[in-house]
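Can you keep this structure in mind? I'll have questions shortly.
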Amino acid sequence: MNDTTRGKFITLEGIDGAGKSSHVAWIVDFLRARGKTIVSTREPGGTPLGEKLRESLLSEAMHAETETLLMFAARREHIAQRIYPALERGDWVVCDRFSDASHAYQGGGKMLDRRRLSVLEQWVHGEGSSQPCEPDLTLLFDVPCEVARQRIALAGRHLDRFEQEEAQFHDRVRHAYLDRAQKFPGRFRVLDGEASLDAVRAQLEKILVDFGA
Ligand code: TYD
């Protein structure tokens, strides 16, 4: 998928409590105001089957490998049903989490073998095919784990299975994300999630305009 009519694929990432969710709607509105047709979606989820899998993934205890396989199964369906067709139509896709989350949470947090994750990723993204499904831009909202933990505690809502993990888990997730950003500097932009909402929006606006929005 590299012809000029193909849409752009933007993913949002960060540890729980990094503030990513506060920015999704703003990003979508900003891109729409600049004339883009947007498909806004999320993982795990994004399709009827994916949303059913999400419910189990966020609440039911399971083996870490089962969890990984279900994340990628939901992703395969998501790419086939929504992401790929949207990009083919020329729409832009804004996705709240994608495969980098599996590298960060299942690879970093749960310490699963990175090579296995790469095999699943290549399979599910269709690497090696003429039109693999890779993000064009990944916005990583980065905050120290302690700040994220305090924000989640302040919100006072029910915690899902991942949010209930110990502090070291979230620290490993954060560092796995930062490692990914270093490994793929072409598509990653790291945002300071501790900055004020306005300051983050100013950073986002510049990144999106530079990206061609
Ligand atoms: P999240 O997107 O943060 O939803 P909300 O904003 O409603 O809390 O929650 C999804 C959780 O799933 C998050 O804790 C990270 C986890 N996750 C993985 O562990 N691996 C993955 O591949 C994906 C996509 C998500």
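P(r) for segment 1-92, please, calculated from all Cα pair distances in 10 Å bins and given in %.
15, 39, 35, 10, 1
Something else now. At each listed q (0.24, 0.25, 0.29, 0.32 Å⁻¹), what is the log10 of I(q)/I(0) that the Debye formula gives for segment 24-71 modelled as equal alpha-carbon point scatterers?
For the requested q values the scattering log ratios are -0.81, -0.84, -1.00, -1.11.
From the Cα trace of segment 41-95, what convex hull volume per residue do you get, rounded to a whole Å³?
Normalising the Cα hull of segment 41-95 by residue number yields 60 Å³.
With a 1.4 Å probe and all protein chains left in place, how much accessible area per residue does segment 9-211 have, in Å²?
Here the per-residue accessible area is 48 Å².
Additional query: Bin all alpha-carbon pair distances of the chain at 5 Å intervals from 0 and give each bin's fraction as a whole percent.
The calculated distribution, bin by bin, is 1, 7, 15, 20, 22, 18, 12, 5, 1, 0.
Can you compute the helix-only [θ] at 222 nm over the chain? Use -39500 (n - 2.57) per DSSP H run of at least 4 residues, normalise by all residues, nearest 500 deg cm²/dmol.
Helices in the chain give a 222 nm mean residue ellipticity of -15000 deg cm²/dmol.
The values are calculated or read from the model by the stated rules, or taken from the named source; none is laboratory data. Source: prediction; values computed, not measured. To get the accessible areas, we keep the full protein, side chains included, count just its heavy atoms, and leave off ligands, DNA and RNA. Shrake-Rupley method; radii C 1.70, N 1.55, O 1.52, S 1.80 Å.
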